[in-house]
Structures are given as structure tokens and as C-alpha cells.
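Quick note: the coordinates plus some simple rules give every number you see, no bench work behind them. Remember, predicted model here, so these are calculated numbers, not experimental data. Glycine also receives a Cβ, built like all others from the backbone with ideal geometry; neighbour counts cover every protein chain displayed.
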């Protein structure tokens, strides 16, 4: 099944990329409603960092690809 690209998608992608560029990992929640884009939240860790992965090996597989930048946790908003 083929779907048309949603309205506002390009702008939402642009906004999500700008909002997330200073972070190592983050989910950006944006909503498109009645022709307007609304910001929901930035979520930094799956399940607030306490939810368990099922199966457990997924945690290790994901962790192998996540490279923290030195000093990232100190102030991610500074250039």
C-alpha cells in the first residue's frame, strides 16, 4: 500500500534535526494538526532509562552502536 507524504513532513524533519543536533541521542515529538506544527517533548532515554529491553541482548546490541561524545553529559547545549 502506498501513502502520500503527510503535509508538513519536510518542515517537521527540519525542526527535529535542528532540535536534536546537540544531543547524542534524543527522540523529538512533533505533531501536525490543523495546518500547525506543535512541539511535544524531547525524550533522551528509552523508558526513562529504567525500562528493561526484551530480550536483554537488545540492550547490548544497541549499546555497541552508541558512542558517547566526551563531555556530552556536562552541557549538551553548548557548542
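Observations, loosely collected:
- Residues residue 58 and residue 31, FRET efficiency given R0 of 35 Å [Cβ-Cβ distance, rounded to 0.05]: 0.80
- Only one item in [x] 1.19; [y] 1.05; [z] 0.91 matches Rg/Rh (Cα atoms, Kirkwood Rh) derived from the coordinates shown, and that item is [y].
- 46, 65 arranged by Cβ crowding within 10 Å, fewest neighbours leading: 65, 46
- Of 68, 42, 30, the one that fluctuates the most in a GNM where the chain has Cα springs shorter than 10 Å: 68
- Axis angle, to the nearest 10 degrees, between helix 9-20 and the longest C-alpha principal axis of the chain: 30 degrees.
- When both the stretch 9-28 and the stretch 31-48 are represented by their alpha-carbon centers, they are found 10 Å apart.
- Annotation: extensible slack from residue 45 through residue 5 equals 11.6 nm (criterion: 0.36 nm per residue apart, minus Cα-Cα distance).
- Here 67, 2 are placed in order of increasing Cβ neighbour count within 10 Å, fewest first, which gives 2, 67.
- Sorted by Cβ neighbour density within 10 Å, fewest at the top, the residues 50, 13: 50, 13
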